[in-house]
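*Asks:* Got a structure for you, questions after.
The values are calculated or read from the model by the stated rules, or taken from the named source; none is laboratory data. Since this is a predicted model, take the numbers as computed values, not measurements. Neighbour counts run over all protein chains shown; Cβ positions are idealised from the backbone, glycine included.
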Amino acid sequence: MGILAQPLDRYIPAIPAGVFLLSDGGAMNTEQLTKQMGMIERAIGKVFYNNGLHIYLLGEVQGPHTLTHALRLYEPTAQNLSKAGQLGTAVEAAIGDSPARIYNEAGIVWVEVPSPWPMVTPGVQLRGAGLALPLGLTNRKTIAGIDFEETPHTLIVGPTGRGKTTTARAIAFHLARQNPAQAVRMITLTFKPGD
């Protein structure tokens, strides 16, 4: 039995012609993107196959910074689903990028990897109301955010270079844009010199 019921190349979504600018300042043309996506799909398929899991690729969802692959196992037993969830490190090694996150939802195995062409959504395009504010998009293109009426405090923690300052600025921007000055009070603490 092969890795997939049908060739992976059939599921590569159509990419418009042209050149795409990447978040690292580089550029990639349509042919390079299609090739990169095919390599990622085959690498994921091979990891599952090498671990005794036969899969059927359902498709991909492009998020702002991730490309999430939807898979279905031919034998979706509890043991196989658990085994699939443990393959994140192997997928990272196979695609040469990280992080890779694997989770199961409603019988579908989702494999989330960094996108070969991250998208940027300007914060001014996202809308909130009052103390509910958007922070960005999820991997399924739904708006994610915080409602300060429900949870009035926020702690932003993470390693250097992962967007803590950008998140804090987005929160301040949206709160200031959506509310009169008397309605919002912000206290910002940082332990990093220079911030």
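*Asks:* Restricting to segment 90-147, name every residue that is modelled with pLDDT under 75 and of a type in the set (Ser, Thr, Tyr).
*Replies:* Result: Thr121, Thr138, Thr142.
*Asks:* Could you tell me which numbered condition Leu175 fails, if it satisfies all but one of (1) assigned to a loop (DSSP other than H, G, I, E, B); (2) farther than 26 Å from Tyr103 by Cα; (3) modelled with pLDDT of 75 or more?
*Replies:* (1)
*Asks:* Let me ask something else. So the check is Cβ under 8 Å with 6+ separation or different chains; which pairs have a first residue in segment 141-158 that's assigned by TED's automatic domain parsing to the domain that holds Ala129 and outside any loop (DSSP other than H, G, I, E, B) and a second one that's at pLDDT 80 or above and surrounded by 10 or more Cβ atoms within 10 Å (Cβ to Cβ)?
*Replies:* Cβ pairs passing all conditions: Ile146/Thr154; Ile146/Ile171.
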